[in-house]
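Below is one structure, written out as structure tokens; comments come after it.
The values are calculated or read from the model by the stated rules, or taken from the named source; none is laboratory data. No experiment lies behind these values; they were computed from the predicted model shown. Here the Cβ positions follow ideal geometry from the backbone for every residue, glycine too, while neighbour counts run over all protein chains shown.
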Amino acid sequence: MTIVSEEDNTVRLTAWVHGQVQGVGFRWWTRSRALELGLAGSAGNLPDGRVEVVAEGAQDNCERLLEALKSGKSPGRVDHVVHRFSPARGGLVGFVER
């Protein structure tokens, strides 16, 4: 279920990507896809080998990013993606690799 803010269709996607996704250009690839979709946020490595993706923008574009993360077309190997949608919090500028 996607949660939409009252004012518009802006949401926050948080996704945890499992697999071989560190040291293979995955964060750069994710940043490129997010910027193409006009999303703000970040992609960062976690100590356990996952990558955490946080993106805010139009609901449709966040859903497109999620599908791209699951597509198998990214660098490395994605085993599965756990995600949640929540109301946008704002305050994000650009899309950064952490």
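Is it true that some residue in the stretch 62-84 is outside any strand (DSSP E or B), of a type in the set (A, V, I, L, M) and more than 13 Å from the chain's Cα centre (by Cα)?
No, the conditions are met nowhere in the stretch 62-84.
Taken over the stretch 25-43, the criterion of being outside any loop (DSSP other than H, G, I, E, B) and either at pLDDT below 95 or crowded, with 16+ Cβ neighbours inside 10 Å (or both) is satisfied by 26, 27, 29, 30, 31, 33, 34, 40, 41, 42, 43. Can you tell me how many residues within the stretch 27-50 are without any contact (Cβ under 8 Å) to a residue 60 or more places away in the chain and either acidic (Asp, Glu) or out of contact with any Leu (no Cβ under 9 Å at 6 or more places or on another chain) (or both)? Qualifying residue count, the stretch 27-50: 12.
Output yes when any residue across the stretch 40-50 is touching a Ser or Thr at 6+ places or on another chain (Cβ under 6 Å) and among the hydrophobic types (A, V, I, L, M, F, W, C), and no when none is. The answer is yes; a qualifying residue exists.
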